[in-house]
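Note sheet for the following structure.
The values are calculated or read from the model by the stated rules, or taken from the named source; none is laboratory data. Keep in mind it's a predicted model, so treat the numbers as computed, not measured. All Cβ positions, even for glycine, are placed from backbone atoms using ideal geometry, and neighbour counts span all protein chains on display. Note: areas computed on protein heavy atoms with side chains; ligands, DNA, RNA excluded. Shrake-Rupley method; radii C 1.70, N 1.55, O 1.52, S 1.80 Å.
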Amino acid sequence: LGAALLWIATPGFAQQPAPQSSAELLTATRQARDARKFDDAEQLARQGMARFEDPVWPITLALILADERRSNEALAILAAPWPGGLPKVERLIAEAYANERGELVWPALTAYGEVLLLQPENAEARQAMARLMDRIRAPFGATAIGGTNPTRDADEAAALVRWSGTLLPSDQ
């Protein structure tokens with residue numbers, strides 16, 4: 001791991017020899033992504049896909065491509081066959097993230113919803129789904145999924161005021 005950290009910290013690290021183990025390469029890839037060096041992270045993830053059959057590689061590459069707003073490419077990577085397949089929850093979260101980064105709110109909500117059907121307590125999916133519901137001005141749904149906060153409380157009150165004039169006398 002120390003060699004991977006030194007390798008990633010080196011200026012122009014993409015030109016350095018690649019780490020040898022899958023763990024070292026994954027560490028270097030994640031560090032490049034965290035440093036927002038997406039070209040380097042993509043190159044490292046593609047090396048990982050070529051060298052190792054671990055499903056972490058296509059998922060990692062898809063996340064990197066989504067970070068670069070190349071959502072269609074990310075979704076294609078996730079849909080492609082992989083030896084042994086991709087873990088369903090991780091694939092769905094990566095798919096939702098790629099859709100969200102590509103401004104495709106409804107497919108992102110659908111994928112996060114599928115995660116919550118499989119893992120109702122998945123905090124990442126809950127927070128992302130609530131954030132997307134806030135974005136589409138669905139404060140009651142956001143509260144149901146992500147809990148209350150002052151902004152959601154205000155949005156709920158505003159929605160009640162907005163919609164209060166639409167009730168028919170028979171609805172009251």
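Here are the numbers for this structure:
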read-out: Verdict on ILE59 being of a type in the set (Val, Ile, Thr) and either at pLDDT below 90 or outside any helix (DSSP H, G or I) (or both); value: no
read-out: Residue match in region 115-122 (condition: within 12 Å of the chain's Cα centre (by Cα), part of a loop (DSSP other than H, G, I, E, B) and surrounded by 14 or more Cβ atoms within 10 Å (Cβ to Cβ)); value: no
read-out: Residue check, GLY85 open to solvent by 20 Å² or more (accessible area, probe 1.4 Å) and farther than 29 Å from ARG51 by Cβ; value: no
read-out: Any hit, region 33-42, residues being within 20 Å of VAL89 (Cα to Cα) and either in contact with a Phe, Trp or Tyr (Cβ under 9 Å, 6 or more places away or on another chain) or among the small types (Gly, Ala, Ser) (or both); value: no
read-out: Counted residues, region 106-127 - those being farther than 14 Å from GLU90 by Cα and among the hydrophobic types (A, V, I, L, M, F, W, C); value: 2
read-out: Residue in region 83-92 that is assigned to a loop (DSSP other than H, G, I, E, B) and without any contact (Cβ under 8 Å) to a residue 12 or more places away in the chain present; value: no
read-out: Hits in region 90-137 (condition: closer than 19 Å to VAL56 by Cα and of a type in the set (A, V, I, L, M)); value: LEU92, ILE93, ALA94, ALA96, ALA98, ALA111, VAL115, ALA125
